[in-house]
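The values are calculated or read from the model by the stated rules, or taken from the named source; none is laboratory data. The structure displayed is predicted, hence computed values, not measured ones. No Cβ is skipped: glycine too gets one built from the backbone with ideal geometry, and neighbour counts run over all protein chains shown.
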Amino acid sequence: MNDVAELGTILGIWAHPDDEAWSMAGLMMRARANGQRVHVVTATRGEAGNIEGLKDYDRKELAHTRENEMKASLECIGGITHQWLDYIDGTMKDADEDQAVASLVQIIEEVKPDTVVTFEPNGITGHDDHRTIYTWTQKALMNPTVEARLLLAAESKERYEAFGQELDKKFDIYFNIDTPFTVKETDAALVVSLDSDELKSKIACLKAHTSQTSHMFSDSELSGYIEKMASSEVFIDSDSV
């Protein structure tokens, strides 16, 4: 199934600002072009983001910066509604799970999505917050009051082997896992292959998260690898993991 229109109203549930841009910017563009509703939930403001030289007392400022970056990134697509869950970056695994799941159930009941999108169980990079948001989302969708298809963002096996490994050497992308979970694109439930205009828009979404991505686009060769990685988004059904 490669027709985004079949997904209906889409709800993306993510841990940090920029998760949505990396994982589903192309999907959101296609959906909005079709007139579909798209809503994004972000659990934290990314105040633990890795920026060289940033001191502890600057974390509140970084959170504010990343709020603005998130707004700018979503404006690259347009028509996306968004809300925060107000958790602290890096602490999600220690939060009250029942309360978090209940919050997501309430949001799902309000948004009434046909499709919910989040990370695959390993969170692609192995980040604890990524793993946690998967767990919360999966448990929320087990609630009898909600009903939606769950799609999980995963890494393309082909693109990881061709480009991702090289990016990992430079930027330690998969920092909390030895090897990311990957899926062959032919085995995916949905593959969004971006055309040149869509890719330009997605790169603009990524660059809008300046505090986290500016160093990645400063090297022209590696920037080319990022574009190749970003040009395809892969999703699997939740019952396949």
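Worth a mention:
- Within segment 185-214, the set of residues being surrounded by fewer than 19 Cβ atoms within 10 Å (Cβ to Cβ) and among the β-branched types (Val, Ile, Thr) comprises 186, 191, 210.
- Within segment 157-176, the set of residues being of a type in the set (A, V, I, L, M, F, W, C), part of a loop (DSSP other than H, G, I, E, B) and surrounded by fewer than 16 Cβ atoms within 10 Å (Cβ to Cβ) comprises 175 only.
- When residues of segment 215-241 are limited to those that are under 18 Å from the mean Cα position of the chain (by Cα) and polar (S, T, N, Q), the one surrounded by the most Cβ atoms within 10 Å (Cβ to Cβ): 231
- Where a residue in segment 27-56 is farther than 21 Å from residue 10 by Cα and its partner, wherever it lies, is surrounded by fewer than 17 Cβ atoms within 10 Å (Cβ to Cβ) and modelled with pLDDT of 95 or more, with Cβ under 6 Å and at least six apart: 45/67
- Set side by side, the residues 24, 28, 1 differ, and just one is exposed (fewer than 15 other Cβ atoms within 10 Å of the Cβ) and either at pLDDT 95 or above or not in a helix (DSSP H, G or I) (or both), which is 1.
- Against the criterion of being over 22 Å from residue 112 (Cα atoms), free of Cβ contacts under 8 Å to residues at least 24 places away in the same chain and either surrounded by 13 or more Cβ atoms within 10 Å (Cβ to Cβ) or among the hydrophobic types (A, V, I, L, M, F, W, C) (or both), residue 59 qualifies.
- Selection from segment 129-143 of residues that are in a helix (DSSP H, G or I), over 21 Å from residue 48 (Cβ atoms) and touching a strand residue (DSSP E or B) at 6+ places or on another chain (Cβ under 9 Å): 138, 140
- Set side by side, the residues 192, 146 differ, and just one is in contact (Cβ under 8 Å) with a residue 24 or more places away in the chain and in a strand (DSSP E or B), which is 192.
- Given (1) crowded, with 21+ Cβ neighbours inside 10 Å; (2) not hydrophobic (A, V, I, L, M, F, W, C); (3) not in a loop (DSSP other than H, G, I, E, B), number of the condition residue 113 does not satisfy: (3)
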